[in-house]
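Presented below is the structure to which this report refers.
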Amino acid sequence: MAPSETPLSREKLHGNYDHIVGESTVHLEVLKSIDTFAKSSKIVLISGETGTGKELVARALHAESPYAMSPMVVVNCAGIAENLIENELFGHEKGAFTGADQRHIGLFETAFGGTLFLDEIGELPVRLQSKLLRVLQENEIRRVGGTAQIPVSVRVLAATNIDLIKAVEANRFRRDLYERLKSLHIHLPALRERREDISALAKYFLAKENNCSSQKVVDINPEVFSLFDAYSWPGNIREIEGVIGRAVLLAEDGEILPHHLPQDLQMPQVHPLPLADETAAANPNAAERFVLPFPIGTTLKEIEKSAILTTLAREDGNRSKTAKSLGIDRRTLHNKLRDYNA
């Protein structure tokens, strides 16, 4: 750090972010961006892997903004059927289509004076992206089946867990909309990129579980923290919250121990090891060898089960996404989960 640079610290922030846990440099950079962007009325794009806390950041941006006294409306662009999302966002007039027996107010109007959070915006159908762009440029909407342009005063936040640049290159996301979104951008690091925060997060979620549970767990064994530090955390913060919640239920003696963790956390992680000189000479095309990421004696069925359940947790229980990630069809996944009683 150059002599003129000031170290990052929470004390220099204007807002209260005690509920966003972590003291790593990359995390404090995120808090600094929240603090800076919150006072603006401009769109903020929040990117990061699943489970990194994008909605938590959106809520902090809203809470510290001039819009905080009005509602924050959340819409999951991937959670609404494609033929319904335009109606949900912009509303419709009476008689706009069969069954539209009364006017429906959309989410842009519902959030008037407040914040509209468009989660998973990368999943918005391409045909609606141009309409969204127009709304962001003109600050007005037109209901389905209507002719009037209706002014809307709303602060828009958007989040994505996909690479929008790659989506633009694949013609799945409009470049002009991406350019509109990206001017204020907060990227959330994966938990494996801020390992120094793992211990604090585990203790935070333990305290949270204790507050809402009759069973009190007072400690986490040091061996557990060692396993946490070695783990890759594909589900990020959401995964560690789930791991702690599960462990609290199992920890009958008031301490979380290694055997209270899911099987995949108890397994050693994959670490590349250099080959010995003789081995390298005998295998000129091999640069590395790997230790097994599971104990010797683990059955193939156990490995498969661990992979499926871990992927399912990482995809927030979405079976279609889980099947796609694993390269199997949804029926195969369903049958395997039935075998696991999951």
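Where a number appears in this text, it was derived from the coordinates with a stated rule and is not lab data. Source: prediction; values computed, not measured. Ideal geometry is used to build each Cβ from the backbone, glycine not excepted, and the neighbour counts take in all protein chains shown.
For K216, list the lysines whose Cα falls under 18 Å from its own Cα; do not include residues on the same chain fewer than 8 positions away. Cross-link targets: K203, K208. Name the residue, out of G327, G79, G245, whose mean-square fluctuation peaks in a Gaussian network model built on the chain with Cα pairs under 10 Å. Among G327, G79, G245, the largest mean-square fluctuation in the Gaussian network model of the chain belongs to G327. Bridgeable aspartates and glutamates around K321 (alpha carbons under 18 Å apart, same-chain partners fewer than 8 residues away excluded): E49, E82, D119, E120, E123, D163, E239, E304, D329. As a proxy for reagent exposure, ranking R175, R127, R143 by other Cβ atoms within 10 Å from fewest up yields R127, R175, R143.
A P(r) calculated from all alpha carbon pairs of the range 61-131, with 10 Å bins opening at zero, reads 20, 43, 32, 6, 0 percent. For the chain, the convex hull drawn through the C-alpha positions has a volume of 228 cubic angstrom per residue. Each residue in R155, R192 was given a count of other beta-carbon atoms within 10 angstrom of its own, and listing them fewest first yields R192, R155. Taking every DSSP beta bridge that has both residues in the chain, what percent is antiparallel when rounded to the nearest 5? If we restrict to bridges inside the chain, about 25 percent are antiparallel. Computed extension length for E179-L13: 56.9 nm, one decimal, from 0.36 nm per residue of separation with the Cα-Cα distance subtracted.
Neighbour counts of other Cβ atoms within 10 Å put I105, I220 in the fewest-to-most order I105, I220. Taking 0.36 nm per residue of sequence separation and removing the Cα-Cα distance, the E55/S41 pair yields an extension gain of 3.3 nm. At an R0 of 35 angstrom, the distance between the Cβ atoms of N171 and N139 translates into a FRET efficiency of 0.80.
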